[in-house]
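Structure first, then comments.
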Amino acid sequence: MSARESGRVKDGGKTRVLDDAARKRRARKAVEALEQDNFHEDPHADLVMSKKIPKFADSNEKPTRKKKARSADYYKMRFRKSFAQLVEEDANFRPEPPNYLSAQAPPSKFPERHFCAICGFLSKYTCIPCGARYCSVRCLGTHLDTRCLKWTA
Amino acid sequence: MSDSSCYILDNGAYTAKVGFSTLEPKIVPNCIMKAKSERRRPFIGSQIDECRDASGLFYILPFQKGFLINWDTQKTVWDYMFSKECCPVNFNEVPLIITEPLFNFSSIQEAMTEIFFEEYECQTLLRTNATDLAEYKHRKGNNNECTLVVDSGYSFTYIVPYIKGKKHKEGIIRIDIGGKVLTNHLKEIISYRQLNVLDETYVINQAKEDSCFVSQDFMKDMEIAKGRGEKNTIVRDYVLPDYTSLRRGYLRAPLQPQEELEQQTLRLNNERFTIPELLFHPSDVGIPQMGIPEAIMHSINSCPEDHMESLLANIVLYGGNTLFPGFRDRVYSDVRSFALDHFDVNVTLADSPLTYAWEGGKEIFRDSDFYSYCITREEYEEEGKALAFERFDI
């Protein structure tokens with residue numbers, strides 16, 4: 001009577017399951033994405049700017065300021081430091097709390113809530129391969145078709 | 001003129017609030033934007049109002065994670081702000097008050113001091129935190145001993161306790177959730193559920209401002225949003241701008257099947273309150289931090305015990321996120337439920353949450369000791385940057 005075996009048990013060994021480290025990496029990427037300024041390319045990136053084209057604001061008079069203003073690019077070069085560099089520098093400059101790092105809010109003492117990754121309502125179930133949350137068979141179907149392990153890092 | 005007015009610049013990561021203390025402040029986007037439709041020119045600050053089609057705007061922001069990183073962008077925007085196109089000023093004649101984030105990095109502070117004294121030839125400069133100005137304004141109006149300031153802005157939310165006008169640094173808490181995260185999250189879920197709007201930060205930010213609210217009873221609202229038909233009082237359609245007949249989207253009752261509308265719509269249901277909910281439960285998007293009310297209690301508990309009562313009675317909220325309907329009430333009811341019963345809890349939403357700190361700058365300029373907080377150009381040239389570190393309590 002081996003034909004009566006359940007499909008789920010039979011295929012059990014085949015499905016790929018993401019390990020904990022991979023799930024954490026995905027979660028971190030999702031949080032990082034929330035910090036992005038733009039999700040598309042600069043629409044003017046392919047444009048070659050010509051200095052001769054008059055801008056609307058331009059007047060014909062020459063600027064009469066005595067001191068020559070430094071260009072924006074000067075300051076870019078002068079104070080070039082990335083966010084990560086600044087945090088590191090601050091850790092050396094102000095090693096004792098309170099500082100930027102120590103001010104971060106600690107974890108909440110309330111339990112986490114879980115929401116369906118598809119429809120946004122409360123979820124009861126976890127997708128076995130990737131760990132995403134879902135609330136119903138219908139949402140699981142959508143999830144498997146669109147997201148689950150589709151862009152595996 | 002120098003005695004009668006001063007120039008105040010609340011230099012936020014998304015909008016700068018700028019103007020003379022004698023006039024009304026202008027709210028200027030602190031960024032450069034590029035539009036798909038206008039290939040010839042980038043739009044600096046408020047110039048974006050001249051842009052006919054704001055779809056697919058590309059942002060170039062001077063701030064990253066709340067700190068001034070891209071100086072070339074900032075310089076361009078400042079040049080615009082101080083020019084006759086926006087809000088002209090001669091720093092030789094008027095003092096300048098400028099804000100910077102809490103725990104600002106020392107090399108950013110140095111750069112800022114240098115630019116204003118050497119490039120803009122400032123005579124008198126006061127660098128301060130926006131929360132300091134807000135606290136000053138609240139204290140002048142209420143004459144209270146302690147204040148707890150909650151500044152919920154674009155990059156993050158800061159909770160800062162002040163005891164007798166001085167900030168209690170051990171109690172300062174930062175939650176890494178601000179308007180930017182909310183907009184990006186809304187964009188993400190709409191793009192997955194309905195329509196790809198990942199390029200439309202500007203439009204979705206407006207959609208967020210127009211449709212989101214803070215739930216007073218989250219689980220109950222979840223149930224309502226699940227309902228169909230008449231029972232669901234939350235679901236709405238957001239009509240997207242098409243930039244021919246409609247310049248800004250608006251919220252309306254859900255479209256009926258027989259109805260026809262020229263513009264595209266987005267159906268917003270639980271999105272309307274789960275987005276601002278992130279401020280109260282950052283863990284909902286996997287950021288392992290406390291929400292605002294819990295952080296308020298945590299901050300107050302780290303202050304000396306005799307000031308707890310006064311802090312709880314003077315909680316002030318300002319910043320863009322506090323404009324969500326229901327924000328104040330939710331903060332109040334949550335803090336009320338956490339705090340001991342015999343303490344009074346008062347939560348005030350600032351009258352004009354966007355320009356509250358700017359208004360505080362106006363108040364501090366009237367202070368008889370104002371000039372003792374500032375640094376003058378002569379002092380800077382004499383003693384250099386080290387003086388700024390000593391004088392400004394940042």
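Rounded to the nearest 20, the size of the Cβ-charge dipole of region B:240-353 about its Cα centre is 420 debye, with Lys and Arg at +1 and Asp and Glu at -1. Near the amide H of B:Thr348, within less than 5 Å, lie the amide hydrogens of B:Ile315, B:Val316, B:Leu317, all on another chain or at least 5 residues away, with H placed in the peptide plane. For B:Lys140, a cut-off of 20 angstrom between C-alpha atoms picks up these aspartates and glutamates, skipping any fewer than 8 places away in its own chain: B:Asp10, B:Glu24, B:Asp132, B:Asp151, B:Glu309, B:Asp351, B:Glu359, B:Glu363, B:Asp367, B:Asp369, B:Asp393. In a DSSP loop and with at most 16 other Cβ atoms within 10 Å, the GluC sites (Glu not before Pro) in region B:44-127 are B:Glu85, B:Glu93, B:Glu121.
Restricting attention to region A:83-153, which trypsin sites (Lys or Arg not before Pro) occupy a DSSP loop and are surrounded by at most 11 other Cβ atoms within 10 Å?
A:Lys109, A:Lys124, A:Lys150
Candidate cross-link partners of A:Lys109 among the aspartates and glutamates, defined by an alpha-carbon separation under 13 Å and a same-chain spacing of 8 or more, comprise B:Glu294.
Charging the Cβ of each Asp and Glu at -1 and of each Lys and Arg at +1, and nothing else, the dipole of region B:1-84 about its Cα centre rounds to 400 debye.
In chain B, a dipole from Cβ-located charges (positive for Lys and Arg, negative for Asp and Glu) runs towards its positive end, and of B:Ala16, B:Thr201, B:Met308 it is B:Thr201 whose Cα lies farthest in that direction. Under the rule of at least 5 residues apart or a separate chain, name every residue whose amide H is placed under 5 Å from the amide H of B:Glu100. It is B:Thr128, B:Asn129, B:Ala130, by chain and number. Of the GluC sites (Glu not before Pro) found in region B:218-274, those in coil by DSSP whose Cβ has at most 16 other Cβ atoms within 10 Å are B:Glu259, B:Glu260, B:Glu262. Between the listed residues B:Leu126, B:Ile115, B:Tyr158, the Cα displaced farthest toward the positive end of the dipole of region B:93-170, a dipole computed from Cβ unit charges relative to the Cα centre, is found at B:Tyr158. The phi torsions of region B:171-185, fed into the Karplus equation with coefficients 6.51, -1.76 and 1.60 and a -60° offset, translate into couplings of x, 6, 10, 10, 9, 7, 10, x, x, 5, 4, 4, 4, 5, 5 Hz, rounded to whole numbers, with Gly and Pro shown as x.
Axis angle, to the nearest 10 degrees, between helix B:71-81 and the longest C-alpha principal axis of chain B: 90 degrees. Karplus-derived 3J(HN,Hα) values for region B:248-264, using 6.51 cos²θ - 1.76 cosθ + 1.60 with θ = phi - 60°, are 9, x, 8, 9, 8, 4, x, 4, 7, x, 7, 6, 10, 9, 5, 8, 6 Hz; glycine and proline are entered as x.
Read-outs throughout are calculated quantities, based only on the coordinates presented, and are distinct from any laboratory measurement. In this text, all values refer to a predicted model and were calculated from it rather than measured experimentally. Positions of Cβ are generated from backbone atoms using ideal geometry, with glycine treated the same way; all protein chains shown enter the neighbour counts.
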